[in-house]
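Data first, discussion second: the structure below is written as structure tokens.
The values are calculated or read from the model by the stated rules, or taken from the named source; none is laboratory data. As the structure is a prediction and not an experimental result, all values here were calculated from the model. Here Cβ is always computed from backbone atoms with ideal geometry, including for glycine, and neighbour counts include all displayed protein chains.
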Amino acid sequence: MKNEGAIGKSAEDYLESMIILKEKNGYIRSIDIATFLGVTKPSVSNAMKRLREEGYIEMNRSGFITVTEKGMEIADKIYTRHKKLTDFFIALGVTAEVAEDDACKIEHDLSDETFEAICVHVDKFSKANKSKKK
């Protein structure tokens, strides 16, 4: 069940892609988002307009995008889910490419309760693997 006032999956994907691009390139531009997500420039323009109007991003005159504090809360949550789910699937024996793809598919819809249970499992698995390597 979605939280009241929650934004859509598409907006979450855009915000997540922005923090990934910021981490990778040091900056965020619409053209890079389009390439990263495999969408058209007009789609990105429409999304940026909505995200700007809702206070999730700001854009300067040169076209560089900054994710606001409000936007970072959502982007961090989704990106954390993505990384943790990817790790979980890889620990199950799934290839990294498939794990990434599957994590992207479910990161938005998974309940907080189920996600927390997965996190506990991943943390236990990671600790067990570290102690085996010693």
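Points worth noting:
Conditions (1) charged (D, E, K, R); (2) loosely packed, with under 13 Cβ neighbours inside 10 Å; (3) at negative phi; (4) in a helix (DSSP H, G or I), marked per residue:
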residue	(1), (2), (3), (4)
E12	yes, no, yes, yes
L15	no, no, yes, yes
I20	no, no, yes, yes
P42	no, yes, yes, yes
G55	no, yes, no, no
I65	no, no, yes, no
M72	no, no, yes, yes
D76	yes, no, yes, yes
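- Any hit, segment 81-93, residues being in contact (Cβ under 8 Å) with a residue 60 or more places away in the chain and of a type outside the set (K, R): yes
- The listed residues are T86, T114, and the only one of them that is out of contact with any strand residue (DSSP E or B) (no Cβ under 7 Å at 6 or more places or on another chain), surrounded by 12 or more Cβ atoms within 10 Å (Cβ to Cβ) and either of a type in the set (F, W, Y) or assigned to a helix (DSSP H, G or I) (or both) turns out to be T86.
- Just one of the listed residues (I33, I20) is outside the structural domain of I106 (by TED's automatic domain parsing) and over 28 Å from E113 (Cα atoms), and it is I33.
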